[in-house]
Amino acid sequence: MEQYKKEFIEFMIDCEVLKFGDFVTKSGRKTPFFVNTGFYRTGTQLRRLGEYYAKAIQSAFGMDFDVLFGPAYKGIPLTVATTMAISEFYDADIRYCSNRKEVKDHGDKGILLGSPIKDNDKVVIIEDVTTAGTSIEETLPIIKAQGDVDVLGLVVSVDRMERGKDTTHSALKEIERKYGFKTTAIVTMADVVEHLYNKPYKGRIVIDDTLKAAIDAYYEQYGAEE
């Protein structure tokens, strides 16, 4: 596993973004782990988060694209932080764009915040976590409505590696099959378990045998074939 992935897992724990316990996901599944990027709350945290996303984007897509699109609301700071990191570390000036939840009828009218999207733009979508592919169904029509654009793919922070809504494939693989573009994540839950299981971090075991059994049971029920 690449070093930046290990660092990102520990970073999520430090920021209390990755938590273990009893939770319910947006798709209604009871889960022993939860990822909430709303807990990135400081400038330093957002700067580092943008750097991790930038590394994942560079690895999966390169920097030959025009717009980084983040669905409202969590996607707004993600696009800003990541495009700034791309500018600093990869010398590429990527535009950022998000949607509004409500269309403005005065001033800067329209549904988009940040850069417009125009014909022939290459777009990468950025999200926090995709559990069952529900968010992309709302996001993609907004992007496509802006013009003849090329959506290169989707990057998320954590691949939960569980079944999507309609198949036995993971939500990310299901999105790839349905929409025909690539998906990637900074880390997968397999990476998380590999790095934390029965290994001390800051003096404690984050994933012990009991928690590992709960995670295994969750994947027996909801785990994807790929």
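Would you call Lys212 open to solvent by 30 Å² or more (accessible area, probe 1.4 Å) and in contact with a strand residue (DSSP E or B) (Cβ under 6 Å, 6 or more places away or on another chain)? Yes. Across the range 49-76, the number of residues qualifying as modelled with pLDDT under 95, surrounded by fewer than 18 Cβ atoms within 10 Å (Cβ to Cβ) and either out of contact with any Lys or Arg (no Cβ under 8 Å at 6 or more places or on another chain) or hydrophobic (A, V, I, L, M, F, W, C) (or both) comes to 1.
Taking the range 123-139 as the search range and keeping residues that are assigned to a helix (DSSP H, G or I) and either open to solvent by 20 Å² or more (accessible area, probe 1.4 Å) or at positive phi (or both), which one is modelled with the lowest pLDDT? Write out each step before concluding.
Kept after step one, since they are assigned to a helix (DSSP H, G or I), are these residues of the range 123-139: 134-139.
Next cut, either open to solvent by 20 Å² or more (accessible area, probe 1.4 Å) or at positive phi (or both) only: 134-135, 137-138.
Numbers: Thr134: 68, Ser135: 77, Glu137: 85, Glu138: 86.
If we take residues in the range 123-139 being assigned to a helix (DSSP H, G or I) and either open to solvent by 20 Å² or more (accessible area, probe 1.4 Å) or at positive phi (or both), then Thr134 is modelled with the lowest pLDDT.
Only a single criterion out of (1) within 22 Å of Thr37 (Cβ to Cβ); (2) open to solvent by 60 Å² or more (accessible area, probe 1.4 Å) is not satisfied by Gly180, namely (1).
Return yes or no: is Phe8 over 28 Å from Ile143 (Cα atoms), at pLDDT 95 or above and surrounded by 18 or more Cβ atoms within 10 Å (Cβ to Cβ)?
Working: over 28 Å from Ile143 (Cα atoms): yes; at pLDDT 95 or above: yes; surrounded by 18 or more Cβ atoms within 10 Å (Cβ to Cβ): yes.
When the stated conditions are applied, Phe8 passes them.
Counting only residues that are hydroxyl-bearing (Ser, Thr, Tyr) and open to solvent by 30 Å² or more (accessible area, probe 1.4 Å), which one in the range 11-44 is nearest to Thr130 (Cα to Cα)?
Ser27
Is it true that Val187 is more than 19 Å from Val17 (Cβ to Cβ), hydrophobic (A, V, I, L, M, F, W, C) and either touching a His at 6+ places or on another chain (Cβ under 8 Å) or outside any helix (DSSP H, G or I) (or both)? No, not satisfied. Considering the range 144-182, the residues that are under 19 Å from Glu220 (Cβ atoms) and of a type in the set (A, V, I, L, M, F, W, C) include one that is modelled with the highest pLDDT, namely Met161.
Table: residues versus (1) under 29 Å from Tyr201 (Cα atoms); (2) in contact with a Leu (Cβ under 9 Å, 6 or more places away or on another chain); (3) outside any helix (DSSP H, G or I).
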site: Thr31; (1), (2), (3): yes, no, yes
site: Leu46; (1), (2), (3): yes, yes, no
site: Glu51; (1), (2), (3): yes, no, no
site: Asp119; (1), (2), (3): no, no, yes
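A count restricted to the range 150-172 and to residues that are open to solvent by 10 Å² or more (accessible area, probe 1.4 Å), in contact (Cβ under 8 Å) with a residue 24 or more places away in the chain and farther than 18 Å from Lys5 by Cβ stands at 7.
The values are calculated or read from the model by the stated rules, or taken from the named source; none is laboratory data. Given the structure is predicted, the values throughout are model-derived calculations rather than measurements. Glycine also receives a Cβ, built like all others from the backbone with ideal geometry; neighbour counts cover every protein chain displayed. With ligands, DNA and RNA removed, areas are computed over all heavy atoms of the protein, side chains included. Shrake-Rupley method; radii C 1.70, N 1.55, O 1.52, S 1.80 Å.
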